[in-house]
Amino acid sequence: MSVTVNTEDRAAPTPSAMGRLIAGFIASLPDRGRALAHTAVPPLVALALLVGVWQVLCSLPGAALPPPTKVVADTWELIAHPFFDNGGTDKGLFWHLAASLQRVAVGFTLAAVGGVLLGVLIGQSSLAYRGLDPIFQVLRTVPPLAWLPISLAAFRNADPSAIFVIFITAVWPIILNTAVGIRQIPQDYRNVARVIRLSGPEYFFKIMLPATVPYMFTGLRIGIGLSWLAIIAAEMLIGGVGIGFFIWDAWNSSLMSEIILALVYVGVVGFILDRLIGAVAARVSGPRGRA
């Protein structure tokens, strides 16, 4: 028996008291302040509520995790002095993040160049697509850390092994999205290119690149996120300077506050990397690049 619901009879959702309070506060501001508050206030309120809940729950007797006030108190030296360097792995969080970002920059750059070239190849050539796509579909399902023993055996060094793990993690979405973008180019564009006899470079820069940039940057945004996830896990295993090793070292020393602080930094840096790629995409292709 089917049940018909008259959508006109549904009551419109009513804002909560908190929602009405925030809306009233934003409406009372001048135009420029209202636009800024409309973007900033909701996430700040949500963050304050989240921290408040965390504080209450973790202040209860028997709580396994520290509340935010204890995290700040325990890690204040790390927060206030991110640039200290006592040699070895005894460094401030700035140096650990810088080492991780350096590995990500190298691995992701290699993945971007290789991924775009391979994506153009299998997007343009049906023969290459039929030959390589099944292999790519199988390889992309291999978990990133499963590549680490192979890379350690091949390179016999921690740094290139971590860079390879980043490369192999980030390259698949870049290849596949670029190929999809190439294959979505309308046939009319290809016909016009043949009629006006565009050269290879002219076809690439005037037709192929503008048509595929949104797809390409979608792959790049996915790739940079996966790269950041992979390097944290890889550094936990390879050791040395890096935010992943910092987290693992803090776990071995039962320093939960330092782990939580590092996770906050990891999240913020990952967010910034994603926004940077999005800003470059918007710069290159306009609003369509904001995938």
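Could you look through segment 246-270, keep only residues that are more than 16 Å from the chain's Cα centre (by Cα) and open to solvent by less than 40 Å² (accessible area, probe 1.4 Å), and pick out the one that is nearest to V142 (Cα to Cα)? Taking the candidates together, the pick is I247. Of everything listed in (1) of a type in the set (D, E); (2) open to solvent by 50 Å² or more (accessible area, probe 1.4 Å); (3) touching a residue at least 40 places away in the same chain (Cβ under 8 Å), the single unmet condition for D188 is (3).
Taking into account only those residues within segment 156-171 that are open to solvent by 50 Å² or more (accessible area, probe 1.4 Å) and either of a type in the set (G, A, S) or at pLDDT 90 or above (or both), which is farthest from S227 (Cα to Cα)? Write out each step before concluding.
Just the residues of segment 156-171 that are open to solvent by 50 Å² or more (accessible area, probe 1.4 Å), to begin with: 156-157, 159, 164, 167.
Cutting the leftovers down to either of a type in the set (G, A, S) or at pLDDT 90 or above (or both) gives us 164, 167.
Working: F164: 10, F167: 8 Å.
Ranking the qualifying residues of segment 156-171, first place goes to F164.
With the structure loaded, tell me whether V192 is in a helix (DSSP H, G or I) and within 25 Å of L220 (Cβ to Cβ) or whether it fails that test. Against the criterion (in a helix (DSSP H, G or I) and within 25 Å of L220 (Cβ to Cβ)), V192 does not qualify.
There is at least one residue in segment 234-242 that is open to solvent by less than 60 Å² (accessible area, probe 1.4 Å), out of contact with any Phe, Trp or Tyr (no Cβ under 8 Å at 6 or more places or on another chain) and in a helix (DSSP H, G or I). Across segment 262-273, the number of residues qualifying as aliphatic (A, V, I, L, M) and farther than 17 Å from V241 by Cβ comes to 5. A search for C-beta distances below 6 Å between a residue of segment 229-240 that is more than 14 Å from I168 (Cα to Cα) and at pLDDT 85 or above and any residue that is open to solvent by less than 20 Å² (accessible area, probe 1.4 Å) and not aliphatic (A, V, I, L, M), counting only pairs 6+ apart in sequence or on different chains, returns I232/G244; E235/G242; E235/G244; M236/G244.
T141 fulfils the conditions (1) closer than 19 Å to L229 by Cβ; (2) open to solvent by less than 70 Å² (accessible area, probe 1.4 Å); (3) modelled with pLDDT of 90 or more except for a single criterion, (2).
Given the criterion within 24 Å of the chain's Cα centre (by Cα), more than 19 Å from G119 (Cβ to Cβ) and open to solvent by less than 70 Å² (accessible area, probe 1.4 Å), identify the matching residue among L273, L220, L198, L176.
Working: L220 fails: more than 19 Å from G119 (Cβ to Cβ); L198 fails: within 24 Å of the chain's Cα centre (by Cα); L176 fails: more than 19 Å from G119 (Cβ to Cβ).
Testing whether each residue is within 24 Å of the chain's Cα centre (by Cα), more than 19 Å from G119 (Cβ to Cβ) and open to solvent by less than 70 Å² (accessible area, probe 1.4 Å) leaves just L273.
When the residues of segment 87-104 are filtered to those that are in a loop (DSSP other than H, G, I, E, B) and in contact (Cβ under 8 Å) with a residue 12 or more places away in the chain, which remaining residue is farthest from F246 (Cα to Cα)? Give the derivation first.
In the first step, residues of segment 87-104 are kept if they are in a loop (DSSP other than H, G, I, E, B); the result is 87-90, 92.
Those left that are additionally in contact (Cβ under 8 Å) with a residue 12 or more places away in the chain: 89, 92.
Working: T89: 8, G92: 10 Å.
Selected residue: G92.
For segment 78-86, indicate whether the set of residues that are among the acidic types (D, E), closer than 21 Å to S254 by Cα, open to solvent by 70 Å² or more (accessible area, probe 1.4 Å) and without any contact (Cβ under 8 Å) to a residue 24 or more places away in the chain is non-empty. No; the residues of segment 78-86 include none that is among the acidic types (D, E), closer than 21 Å to S254 by Cα, open to solvent by 70 Å² or more (accessible area, probe 1.4 Å) and without any contact (Cβ under 8 Å) to a residue 24 or more places away in the chain.
Of L36, L57, L65, L49, all but one fail to be open to solvent by 60 Å² or more (accessible area, probe 1.4 Å) and modelled with pLDDT under 90; the exception is L36.
The values are calculated or read from the model by the stated rules, or taken from the named source; none is laboratory data. The structure presented is a predicted model; accordingly, all values stated were derived computationally and were not measured. Positions of Cβ are generated from backbone atoms using ideal geometry, with glycine treated the same way; all protein chains shown enter the neighbour counts. Ligands, DNA and RNA are stripped out before the accessible areas are found, and what is left, the full protein with its side chains, is counted by its heavy atoms. Shrake-Rupley method; radii C 1.70, N 1.55, O 1.52, S 1.80 Å.
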